[in-house]
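The values are calculated or read from the model by the stated rules, or taken from the named source; none is laboratory data. This is a predicted model, so every value here is computed, not measured. No Cβ is skipped: glycine too gets one built from the backbone with ideal geometry, and neighbour counts run over all protein chains shown. What goes into the accessible areas is simple: the full protein's heavy atoms, side chains included, and nothing from ligands, DNA or RNA. Shrake-Rupley method; radii C 1.70, N 1.55, O 1.52, S 1.80 Å.
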Amino acid sequence: MCGIVGYAGRRDALPILLDGLKRLEYRGYDSAGVAIVGSALQVMKDKGFIANLEAQLPPLKGSTGFAHTRWATHGAPSKVNAHPHVDCTGKIALAHNGIIENYASLREKLQARGHKFVSQTDTESLVHLIESYYEGDLETATRKALGDIRGSYAVLVVHADEPGKVIGARNESPLVIGLGPDENFLASDVPALLRYTDRVAYVMDREMVVITPKGVTIKNSEGRVVNREPQRITWSLEDAEKGGFEHFMLKEIHEAPQAIHETLLGRLANLEVDGFLSEGVTSVKLVACGTSYHAALVGKYIIEEIARIPASAELASEYRYSQGATERPLVLLISQSGETADTLGAAREARRRGCKTLAISNVIGSSLSREVDKTIYTRAGIEIGVAATKTFIAQLVVLYLIALKLGQDRGTLGYDELDRLKDQLRSLPRAAQYVLNKADEIRALAEKYGRDTKDMFYIGRHANYPVAMEGALKIKEISYIHAEAYAAGELKHGPLALLTPSTPVIAIVAQDPTYEKMRSNVGEVSARGSPVLAIGTEGDKELPKFVDDVIEIPSIPWIFSPVPVSVALQLFAYEAARMRDCPIDKPRNLAKSVTVE
């Protein structure tokens with residue numbers, strides 16, 4: 001959530017900051033602002049898109065500063081609540097991602113000392129707190145102020161009297177350093193930096209960083225210097241561009257075959273999955289949020305089917321506050337960004353309970369990777385669209401690998417069966433491409449079922465029930481069609497009352513062990529007059545007799561059907577949103593990385 005970009009260097013800061021900020025638009029925001037230190041501190045901000053701000057910006061000269069996009073948590077979206085926030089002297093400016101939990105008591109104390117507040121945000125308390133500690137050294141004042149707050153933060157601070165310097169600090173909200181010749185950068189995510197550098201270092205929790213044109217200094221919470229080797233980013237600027245596609249989301253859907261291939265590369269032959277060891281694992285608990293939670297639910301079925309080991313899935317926001325059970329499962333934590341606040345909290349809780357922890361993430365060096373015993377990276381490449389697509393597919397692929405590893409090590413998979421499953425995994429890029437080749441057909445069906453629809457139902461069974469949940473989430477996220485997903489057997493327990501001829505039902509009817517039951521459930525739907533669009537298996541001659549339309553997936557073993565089915569549902573949601581003229585890459589009220597609870 002929110003985007004931050006900071007710069008200290010040899011060039012005019014404003015163009016660099018605005019360019020970086022635009023590359024973070026996918027994180028979601030409702031307002032934007034900049035702070036530039038030149039001959040004085042210059043601050044401009046406004047409600048709405050970056051383009052709105054840019055259109056009214058005067059020339060702001062200076063080679064130091066930061067820019068920010070806000071996603072409202074405290075105080076409604078407005079110009080006055082937008083960041084940066086400025087202290088009473090007009091010399092200190094601050095931007096903040098996260099939540100200051102004790103802001104109300106801080107605000108009360110600071111107001112009693114004469115500080116004047118103008119916004120309703122939690123962030124403004126911090127800039128006034130820094131002002132109260134300032135005695136000519138911004139770094140010291142910021143460190144003291146951060147010691148007084150509780151909560152999550154990634155902050156950038158500048159002072160008019162200390163040009164050429166940007167202070168950054170983080171706790172539970174991401175912050176990355178970009179390193180360049182005679183210029184250095186700070187940002188909440190790597191895409192903001194790709195045009196300028198491929199050398200980055202990650203700021204860890206409760207660390208502070210000072211960037212100047214000549215160097216970078218990282219210190220821990222005690223003020224000791226931390227030496228950290230930079231990493232090379234393999235993503236290119238081209239990876240962060242649309243590459244001729246109308247939207248990032250469409251580009252990323254079409255990158256699913258490559259994401260599968262890269263995620264499998266070098267891992268299948270001997271099942272050497274990034275050092276993961278399954279010794280002593282007797283059960284698995286999968287923990288995640290949002291789309292990653294749907295991957296976790298699919299993973300439960302994958303692991304139980306392939307490895308024959310008990311598995312369960314739980315929302316991270318619920319797990320972290322539940323009472324610890326006596327058993328000690330392997331806890332699998334899934335997060336695309338590795339920065340999801342509830343998943344980070346769940347990782348800490350799992351370790352407190354004495355569980356082995358394994359993360360699945362797409363971002364090397366993310367916070368989650370430092371909270372767990374081992375991390376397996378999905379290698380999906382950068383994903384800009386807010387609605388997760390290829391990263392969800394890559395998460396499923398990693399879950400198949402983990403299931404194979406568990407089955408091999410526990411002896412529940414014989415050699416022949418293991419080799420057969422490996423070969424089938426290798427075929428998944430082709431299975432995804434099979435669906436992508438039906439893009440025109442899916443576009444026409446989205447026109448038929450999605451243009452004027454207000455409500456939809458998605459149904460599935462077994463491993464494709466959570467895929468139905470993910471399909472419903474996608475259509476809600478980007479097309480704003482109200483959609484609900486149900487295990488198909490649950491329709492008769494209430495949802496049938498909502499079916500009408502204007503309520504399409506998307507039914508996943510792959511040829512799996514639940515096929516006959518799904519056929520019966522589709523019959524229940526059709527009897528109520530609802531049109532049915534089925535996702536079915538190629539060569540199924542019977543299914544078209546029972547439904548209105550079919551999107552075919554290739555004939556592959558049923559346990560792998562969630563991959564092509566998911567690609568079909570992603571394309572369907574995209575096309576429905578496109579024809580409804582929705583802002584597909586930046587859906588309202590949503591952010592790419594949810595770094596608050």
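Some notes on this structure:
- The phi torsions of the stretch 83-94, fed into the Karplus equation with coefficients 6.51, -1.76 and 1.60 and a -60° offset, translate into couplings of 9, x, 9, 10, 7, 5, 7, x, 10, 10, 10, 9 Hz, rounded to whole numbers, with Gly and Pro shown as x.
- Net charge over other residues, Cβ less than 13 angstrom from the Cβ of Tyr103 (K, R count +1; D, E count -1): -2
- Based on the Kirkwood approach, the hydrodynamic radius assigned to the chain is 25.2 Å, with every pair of different Cα atoms included.
- Compared with the dominant principal axis of the Cα atoms in the chain, helix 439-450 is inclined by about 90°.
- With a Förster radius of 35 Å applied to the beta-carbon distance between Asn52 and Ser322, the computed FRET efficiency rounds to 0.20.
- Environment charge of Leu491, counting only residues whose C-beta is closer than 14 Å and scoring Lys/Arg +1, Asp/Glu -1: +2
- Under 5 Å, built H, 5+ apart or other chain: amide partners of Asn171: Tyr153, Ala154, Arg206
- Charged-residue dipole, Cβ positions (Lys, Arg, Asp, Glu), the stretch 285-334 about Cα centre, Debye nearest 20: 100 debye
- Rounded to 5, the percent of DSSP beta bridges in the chain classed as antiparallel: 60 percent
- Relative to the longest principal axis of the Cα atoms of the chain, helix 515-527 runs at roughly 80 degrees.
- Surface share of carbon and sulfur [accessible, 1.4 angstrom probe, percent] for the chain: 48 percent
- Of the residues Pro544, Trp558, Leu498, the one whose Cα sits farthest toward the positive end of the charge dipole of the stretch 487-563, with +1 on the Cβ of Lys and Arg and -1 on the Cβ of Asp and Glu, is Leu498.
- For the chain, the longest principal axis of the C-alpha atoms and the axis of helix 390-410 are separated by about 70°.
- Projecting the Cα atoms of Gly75, Ala55, Ala269 onto the dipole axis of the chain, where Lys and Arg carry +1 and Asp and Glu carry -1 at the beta carbon, places Gly75 farthest toward the positive end.
- Test item: Cα-centred dipole of the chain, Lys/Arg +1 and Asp/Glu -1 on Cβ, debye: 760 debye
- Chymotrypsin sites (Phe, Trp or Tyr not before Pro) restricted to DSSP loop in the stretch 244-315 with at most 12 other C-beta within 10 Å: none
- Taking the Cα centre of the stretch 25-88 as reference, the dipole from Cβ charges on Lys and Arg (+1) and Asp and Glu (-1) amounts to some 20 debye.
- Once the mean of 1/r is taken over each pair of separate Cα atoms and inverted, the stretch 497-597 shows a Kirkwood hydrodynamic radius of 15.4 Å.
- Put simply, the amide H of Ser31, placed in the peptide plane, has neighbours under 5 Å in Gly48, Arg70, leaving out anything fewer than 5 places away on its chain.
- Highest average packing first - 360-367, 569-576, 406-413, 489-496, Cβ atoms within 10 Å: 569-576, 360-367, 406-413, 489-496
- Per residue, the chain exposes an accessible area of 38 Å² to a 1.4 Å probe, with every protein chain left in place.
- When all protein chains stay in place and ligands, DNA and RNA are ignored, the 1.4 Å accessible-area order of Tyr377, Tyr202, largest first, is Tyr377, Tyr202.
- Listed values for the stretch 127-139 are Karplus-derived 3J(HN,Hα) couplings in whole Hz (6.51 cos²θ - 1.76 cosθ + 1.60, θ = phi - 60°), namely 5, 6, 5, 4, 4, 5, 9, 6, 9, x, 9, 5, 4, and x replaces Gly and Pro.
- Across Lys47/Lys165; Lys285/Lys438; Lys300/Lys492; Lys109/Lys586; Lys492/Lys545; Lys356/Lys474, pairs whose alpha-carbon gap is larger than 29 Å: Lys285/Lys438; Lys109/Lys586; Lys356/Lys474
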